[in-house]
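Notes to accompany the following structure.
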Amino acid sequence: MRLTLTPGLGPTAQRQVLAAFGPPDAVYAASHSALANVIGDPAARLLLEHDASTAVARALEWLDEPGNALLTLADAAYPASLLEIPDPPVCLYVKGDVSLLKRPGIAVVGARSATPQGESNAEAFASVLSRAGLVVVSGLALGIDAAAHRGGLAGQGRTVAVIGTGADRIYPARNGELARRIAAEGAIVSEFPLGAGPLTHHFPRRNRLIAGLARGVLVVEAAVKSGSLITARLAAECGREVFAIPGSIHSPVARGCHRLIRDGAKLVECADDILEELSLVVPEAAPALDEAVPGVGEEEAAVLQAAGHDPVDMDTLVHRTSLTPEALYAILLTLELEGRVARLPGGRFQRL
């Protein structure tokens, strides 16, 4: 803890001194000159002189709470998959079931500003993958991440949230209830010290852990400039599989997925595609994306067919159905109340 809670001594320097001297007690027993030969004079002086006792005491108090754990590179419980990435964290703060970190995982990531259909897809895919025994790994963000965690909790594989803050903080606050459920039924993981806030540079580092913990990464929706694409790139660099769900050519959050597919990611239409690629058993009754929705009347079915699977505005629906706007609004309201369509910004609707 003292080694990793010394401000200004980054993960690279931490790994360098551990590689050079061995366990942390040997690091602190080394002379200033010996340390300076490895990490330079300023870092060596910082290492030996900084008083981290307050931060260490706070971390020890946190560890006394039920369900909290600290894993180091020397622990047998440290996930072997992270040892395969170029810069594994020296310490991991874990809240929840530590054993999940050593089980086969699949990362499911995507846009924070996701479409209702995207969130529905993420949750459905994650549920099937979890029922097949995979741990669903994501980043606890709004949108696709949150939906993926909900799906993961629905199966026996459960879910792991890798966060960009200290393990004692919840970000974003809107996911507070979900985070508490993950801590109770899955695991929350962070490499950042307790109390660390959601700083911008934390999230690319979080993304590399999401990629490192998983056997593959599924991108559900993503803009061209998206952290999800960073996660996918890092996964590919580590030899992991990359999967992407295609979307509408008119949707900004589909363009990132289309770019990944052009660059070699595997196009998937159902969770079975991922399980087959990973040579895993497909659970029974795995749902496909375009599964029919029973239980609607003739007019409602016609409107759903006219809506297709892309966001659509009222004028287009009027043209496709030949219904009056008044009649169409009444049918759409019924479908919305039944959870079959969602109302989007700009007066558009999307079939779910």
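Normalised by the number of residues in the chain, the average gap of Cα pairs under 8 Å and 6 or more apart makes the relative contact order 12 percent.
Assuming charge only on the beta carbon of Lys and Arg (+1) and of Asp and Glu (-1), the dipole of the chain about its Cα centre is about 880 debye to the nearest 20.
Aspartates and glutamates within cross-link reach of Lys266: Cα-Cα under 18 Å, excluding same-chain residues under 8 positions apart? Result set, ordered by chain and number: Glu221, Glu237, Glu241, Glu276, Glu277.
Would you mind classifying the range 95-185 by shape? Square roots of the alpha carbon gyration tensor eigenvalues, ordered a ≥ b ≥ c; an a/c under 1.5 is rounded, otherwise it is prolate if a/b is larger than b/c and oblate if not.
Values: a/c = 1.81, a/b = 1.01, b/c = 1.79.
Oblate is the answer for the range 95-185, as a/c is 1.5 or above yet b/c matches or exceeds a/b.
Here the spin labels are modelled as points 7 Å beyond Cα on the Cα-Cβ line, and at His309 and Asp87 they lie 3.9 nm apart.
In nm, what is the difference between 0.36 nm times the number of residues separating Val56 and Ser279 and their Cα-Cα distance?
Working: separation 223, 0.36 × 223 = 80.28 nm, distance 4.40 nm.
Value of the extension gain: 75.9 nm.
Under 5 Å from the amide H of Ile106 lie the amide H atoms of Val135, Val136, Val137, Arg215, each residue being 5 or more positions distant or on a separate chain, with H modelled from the backbone and absent for Pro and chain starts. Expressed to the nearest 5 percent, the antiparallel share of DSSP beta bridges inside the chain is 45 percent.
How much length would be gained if the chain were fully extended between Ala173 and Arg15, taking 0.36 nm per residue of separation minus their Cα-Cα distance, in nm to one decimal?
Numbers: separation 158, 0.36 × 158 = 56.88 nm, distance 3.31 nm.
Extra length available between Ala173 and Arg15 comes to 53.6 nm.
Once neighbouring chains are kept in place and the probe is 1.4 Å, which whole percent of the accessible area of the chain is contributed by carbon and sulfur? Of all accessible area on the chain, carbon and sulfur atoms account for 53 percent.
Averaged per residue, the chain has 46 square angstrom of accessible surface, using a 1.4 angstrom probe with ligands and nucleic acids left out.
For the options Leu323, Leu101, Leu142, a Gaussian network treatment of the chain with springs between C-alpha atoms closer than 10 Å singles out Leu323 as fluctuating the most.
The amide H of Val242, built 1.01 Å from its N in the peptide plane, has Val217, Lys266 as neighbours under 5 Å, considering only residues 5 or more places off or on other chains.
Test of understanding: what is the full-extension gain from Glu185 to Leu199, defined as 0.36 nm times their sequence separation minus their Cα-Cα distance? Please list the in-between numbers first.
Numbers: separation 14, 0.36 × 14 = 5.04 nm, distance 2.71 nm.
Here the segment from Glu185 to Leu199 would lengthen by 2.3 nm.
Dividing the helix sum by the residues of the chain, where each DSSP H run of 4 or more adds -39500 (n - 2.57), gives a mean residue ellipticity at 222 nm of -12500 deg cm²/dmol.
Highest mobility in the GNM of the chain, judged by mean-square fluctuation with C-alpha springs under 10 Å and restricted to Asn68, Asn37, Asn175, is found for Asn37. Pairwise Cα distances in the range 36-153 exceed 23 Å in 51 percent of cases.
The distance linking the range 208-253 with the range 93-133 is 13 Å (Cα centroid to Cα centroid, whole angstrom).
For Cα extents along the principal axes in Å, the candidate list reads (1) 53, 44, 37; (2) 60, 46, 36; (3) 84, 38, 36; the entry that matches the value derived from this model is (3). Comparing mean-square fluctuations of Ser81, Ser53, Ser113 from a GNM of the chain with C-alpha springs under 10 Å, the top value falls on Ser53. Does the range 70-124 come out rounded, prolate or oblate, given a ≥ b ≥ c as the square roots of the eigenvalues of its C-alpha gyration tensor, rounded meaning a/c under 1.5 and, failing that, prolate meaning a/b above b/c? Since a/c reaches 1.5 and a/b is larger than b/c, the shape of the range 70-124 is classed as prolate.
The share of alpha-carbon pairs in the range 179-260 lying farther apart than 19 Å comes to 48%. Using the Cβ of Ser53 as centre and a radius below 13 Å, the other residues enclosed give a net charge of -1, where K and R count +1 and D and E count -1.
The values are calculated or read from the model by the stated rules, or taken from the named source; none is laboratory data. Since we're looking at a predicted model, the values are computed, not measured. Using ideal geometry, Cβ is built from the backbone for each residue, glycine included, and neighbour counts are taken over all protein chains shown. In case anyone asks, the SASA skips ligands and DNA or RNA and just uses the protein heavy atoms, side chains included. Shrake-Rupley method; radii C 1.70, N 1.55, O 1.52, S 1.80 Å.
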